[in-house]
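The values are calculated or read from the model by the stated rules, or taken from the named source; none is laboratory data. Because the structure is predicted, anything quoted here is derived from the model rather than measured. Glycine gets a Cβ as well: all are built from the backbone with ideal geometry, and neighbour counts include every protein chain shown. With ligands, DNA and RNA removed, areas are computed over all heavy atoms of the protein, side chains included. Shrake-Rupley method; radii C 1.70, N 1.55, O 1.52, S 1.80 Å.
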Amino acid sequence: MRYDFDTCIDRRNTNSLKWEVAAGELPMWVADMDFETSPAIRAAIEERAKHGVFGYTIVSDEWYTAYVDWWKNRHGFVMQKDWLIFSTGVVPTISSVVRKLTTPAENVLILTPVYNIFFNSILNNGRRVLESPLKYDGGNYQIDYGDLEKKLSDPQTTLMILCNPHNPVGKIWDRDTLERIGELCCRYNVLVLSDEIHCDLTDPGCDYVPFASLTEQCRENSITCIAPTKAFNLAGLQTAAVVVPNNYLRHKVWRGLNTDEVAEPNAFAIDAAVAAFTEGEPWLDELREYIFRNKQIAADFVKNEIPQIKIVPSQATYLLWLDCSQLSGPADEIAQHIREKTGLYLSEGTQFGGNGKNFLRMNIACPGEVLKDGLNRLNYGIISYGE
């Protein structure tokens, strides 16, 4: 391999959210990789830092071109420059859209279990969470279309937040599924806000479908959040984009982002994004291969050593969704026990809604040595939980 994903980097004492844990603990919870980012991005940041002046920054033409070219070449979706708006992050954008395009006490629909911060963005802004739980057959998740249509048809439902690909279950929604969602949302005048931050972290050979690329109806009835931050491990740089093809919606989103003061880049946000999308592709492809191997290692280990649980098969993200339904207790209790007994820090599934109370989420975007340590701790934690 051209790039090094095996070296273990000490992230303690760096003000890392993920690694703000006790000595001896191993955090494998928040979706934050333990790899250095692409050398091309580091070089761009270092070059910018050499200048020494870090004043107010504008969004350059290169930034727009980088996004447009990446989505055209990588994902087959042709965006117009005018559709793009800079934002400091996907979560700030979601919260801003909820505030600007819905009114208090209206329903915002989500397919659960789903990224837990969706709940915060809805509830913290005085709106109601309306869950449409995914159907789980013991190995795969599917949409319950009867339940989805019933809840979309509620006059109080005005926005659907879609996770594409879906965190935490790692599912890539196929074209037919997305088109059906889009048709239902258009039928009942429900706006779609599609969070596509994990789109570049699909398994090798697997492609995702941008929601706005499906049909003219989907394009005109959607707002899409995209960013290089998840795929290139740049969350701390606060750089993202919002794709809004519809002129009226775009003006509303632009006003909301500026009112909320989340539409201005820091001194490194533009250069880092441009470097990611113009020079980072070889690094990303090797990263995806490495994560896929980690998934295979984890799947074999769990199957052979921890048959009490199972991994839900996924096609995207670096997050394992662990089915603990055969154990005697709820996921929050199991997660607490594992952490206290072994130091392994996982996300308990209850916070993701739906049937998450029976699941744990494990981040495996780490060197192989760290992964093996985490799996051994998980094994001991599960064994000791049953004693």
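Miscellaneous remarks
- Other residues within the sphere of radius under 14 Å centred on the Cβ of D137, judged by their own Cβ, net out at +1 (K and R +1, D and E -1).
- Cα centroid separation - the range 248-292 against the range 338-352, whole Å: 30 Å
- Averaged over its residues, the range 197-340 has an accessible area of 40 Å² per residue, based on protein heavy atoms and a 1.4 Å probe.
- Cα-based shape type of the range 85-237, given that a ≥ b ≥ c are square roots of the gyration tensor eigenvalues and the cut on a/c is 1.5: rounded
- Residues whose amide H falls under 5 Å from that of T157, counting only those 5 or more places apart or on a different chain, are N107, with hydrogens built in the peptide plane.
- Take every pair of alpha-carbon atoms less than 8 Å apart whose residues are at least six positions apart; their mean separation over the length of the chain yields a relative contact order of 25 percent.
- Spread of Cα-to-Cα distances over 10 Å intervals beginning at zero, given as percent, for the chain: 5, 23, 33, 26, 12, 1, 0
- The H on the amide N of S194, modeled in the peptide plane, is under 5 Å from the matching H of L162, I223, T224, C225, each at least 5 residues off or on a different chain.
- The chain - mean residue ellipticity at 222 nm from DSSP helices (-39,500 (n - 2.57) per run, n ≥ 4, rounded to 500): -12500 deg cm²/dmol
- Per-peptide average of other Cβ atoms within 10 Å, ordering 215-224, 132-141, 5-14, 357-366 highest first: 357-366, 215-224, 132-141, 5-14
- Checked against a 20 Å cut-off, the cross-linked pairs K171/K252; K135/K171; K81/K252; K100/K150; K303/K372 give Cα-Cα distances beyond that limit for K171/K252; K100/K150.
- Under the span-like rule (Cα at least 20 Å along the axis, Kyte-Doolittle mean at least -1.0), DSSP H helices of the chain: 281-305, 368-385
- Burial order of peptide ranges 336-349, 298-311 (average beta-carbon count within 10 Å, highest first): 336-349, 298-311
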